[in-house]
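Read the structure below first, then the notes.
What follows draws every value from the coordinates through simple rules; no lab data is involved. None of these values were measured; they are calculated from a predicted model. Every residue, glycine among them, receives a Cβ derived from its backbone with ideal geometry; neighbour counts consider all protein chains shown.
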Amino acid sequence: MSARIESVTGRYAHVDLDGRPHRIYFEEAGQGIPLLCLHTAGSDARQFRAVLNDPAITQHFRVVAFDMPWHGKSSPPAGWEKEDYRLTTATYTGQIMTVARELGLERPVVMGCSIGGRIVLDLVLKHAKALRALIGLQSAAYVERYYESAWLNHAEVHGGQACGAIAYGLMSPLSPEGHRWETVWHYMQGGPGVFTGDLFFYQVEGDIRERIGAIDTAICPLYMLTGEYDYSASPKDTEAAAARIKGAKVTIMKGLGHFPMSENPDAFLGYLRPVLEEIRATAR
Amino acid sequence: MIERIPELVNHDPAIVRWGRHMNETFMVEVGDQQYLLTVREGRVESVTRGPFVMRAWRFAIRAKKDCWEKFWQKVPAPGWHDLFALLRRGDVTFEGDQRVLMAYLLYLKLVLAAPRRLAA
């Protein structure tokens, strides 16, 4: 056998979410402190391929990244053909806490990007004591609609190509071509209406501006890392949110865009490793 | 810059393939100067400089001259690297048939970014 085989494993877990049975796909590597990774809207856990494959991280962390229901290899629940998919704060929070519990991730570090970077702000408000630390990538308290997302799920527009075009622009022109187009591919593979359904949480329902002042980083540390080329959750948006959260630690990542872990893994790991080291050294 | 788009695009199969099914004329406004671009099966057949009288177009993409200049830098600064970055700030407007614009969004992004290759 000569193929280079990664130490990442992929398995399925059967869990109930919102009272309905789901078959959830997750990837895992490493041992130690649980690190749960949340992908962006309309994509899947492949975005974290470099984190899962980084020995510097996996020697101290049990890295787990799952595909949200309707995304990647986690199918929608039975009956999906009769409903429109729309993500809400309650559903998203329930998914994360259930997956963490059912996979035995005790007081995990949770790292999420974009919609994941939003939900970590909600998690730290409601579940701070159950979590070790939070890392928000491309975190903003709210992003108002600046384009009509209904076009991303329209019979006369190719949804895969349109979603890919949205993702393409959110990346840095400095990120390596291969990783940028890999990131676009994940978007092109999304199911019809799924990206739009996630954006309902991101641009409508999940507005957390009124509540972030109550975040207590003394109970659960919060790190916010944002790529400078992101115009959706821009550095300005992250800094505006952080200004209202006492103790939030902000890093603006040079030359990176909206998908740091996927569009330029090497540059991103350079920013992530010191954060994880600090968490390992200091988090209770 | 914009007049050079046909040679930049038509010799690049990696761009042409994304517009393979596009047969449309659309307007690009660079400040006060209007241009009509006609696409046939992914190739930019012509770039015509205005002013125009009663010409038809499917959609229009309008931005100020200095916005396009920042957009066409070899490595544009953050916020100037993508059409939708300009859109979020209101520095570009889309008019006309938005359905067609969205259907060919990836192609249009690649076509309109092509002049960056000419930047010093």
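Look at residue B:18 and say whether it is surrounded by 15 or more Cβ atoms within 10 Å (Cβ to Cβ), more than 11 Å from chain A (Cβ to nearest Cβ) and either of a type in the set (Phe, Trp, Tyr) or closer than 30 Å to residue A:254 by Cβ (or both). Here the answer is no, as residue B:18 does not meet what is asked. What residue, of A:4, A:49, A:23, is under 21 Å from the mean Cα position of the chain (by Cα) and outside any strand (DSSP E or B)? Sole residue among the options that is under 21 Å from the mean Cα position of the chain (by Cα) and outside any strand (DSSP E or B): A:49.
Of all residues in the stretch B:1-14, those that are surrounded by 12 or more Cβ atoms within 10 Å (Cβ to Cβ) have Cβ atoms under 9 Å from Cβ atoms of residues that are of a type in the set (S, T, N, Q) and not in a helix (DSSP H, G or I), 6 or more apart or on another chain, in B:2/B:33; B:6/B:46. Evaluation of residue B:50 against the conditions (1) surrounded by 15 or more Cβ atoms within 10 Å (Cβ to Cβ); (2) in contact with a strand residue (DSSP E or B) (Cβ under 6 Å, 6 or more places away or on another chain) shows that the sole unmet condition is (1).
Quick check: anything in the stretch B:24-34 among the hydrophobic types (A, V, I, L, M, F, W, C), in a strand (DSSP E or B) and closer than 20 Å to residue A:162 by Cα? Outline the logic, then answer.
Restricting attention to the stretch B:24-34, the residues satisfying the condition of being among the hydrophobic types (A, V, I, L, M, F, W, C) are B:26-28, B:30.
Narrowing further to those that are in a strand (DSSP E or B): B:26-28, B:30.
Then keep just the ones that are closer than 20 Å to residue A:162 by Cα; that gives B:26.
The answer is yes; a qualifying residue exists.
Among the residues of the stretch B:58-107, count how many are at the interface with another protein chain (Cβ under 8 Å from one of its Cβ atoms), touching a residue at least 12 places away in the same chain (Cβ under 8 Å) and either among the charged types (D, E, K, R) or on the phi > 0 side of the Ramachandran plot (or both). Total satisfying the criteria: 1. The residue that is nearest to residue B:114 (Cα to Cα), counting only those in the stretch A:155-175 that are more than 20 Å from the chain's Cα centre (by Cα) and facing chain B (nearest Cβ under 7 Å), is A:173.
Search the stretch A:192-205 for residues being assigned to a helix (DSSP H, G or I) and more than 17 Å from the chain's Cα centre (by Cα), and hand back the single one that is nearest to the other protein chains (Cβ to nearest Cβ).
Restricting attention to the stretch A:192-205, the residues satisfying the condition of being assigned to a helix (DSSP H, G or I) are A:194-205.
Pick out the ones that are also more than 17 Å from the chain's Cα centre (by Cα) and you get A:204-205.
Working: A:204: 16, A:205: 20 Å.
Among those residues, the one meeting the criterion is A:204.
A single member of A:212, A:135, A:208 is surrounded by fewer than 19 Cβ atoms within 10 Å (Cβ to Cβ) and more than 10 Å from every other protein chain (Cβ to nearest Cβ), and it is A:208. Tell me, yes or no, whether the stretch A:180-191 has at least one residue that is buried (at least 19 other Cβ atoms within 10 Å of the Cβ), more than 12 Å from chain B (Cβ to nearest Cβ), in contact with a Cys (Cβ under 9 Å, 6 or more places away or on another chain) and part of a loop (DSSP other than H, G, I, E, B). Yes, because at least one residue in the stretch A:180-191 is buried (at least 19 other Cβ atoms within 10 Å of the Cβ), more than 12 Å from chain B (Cβ to nearest Cβ), in contact with a Cys (Cβ under 9 Å, 6 or more places away or on another chain) and part of a loop (DSSP other than H, G, I, E, B). Residues of the stretch A:138-154 that are crowded, with 19+ Cβ neighbours inside 10 Å and facing another protein chain (nearest Cβ under 7 Å): A:151 alone.
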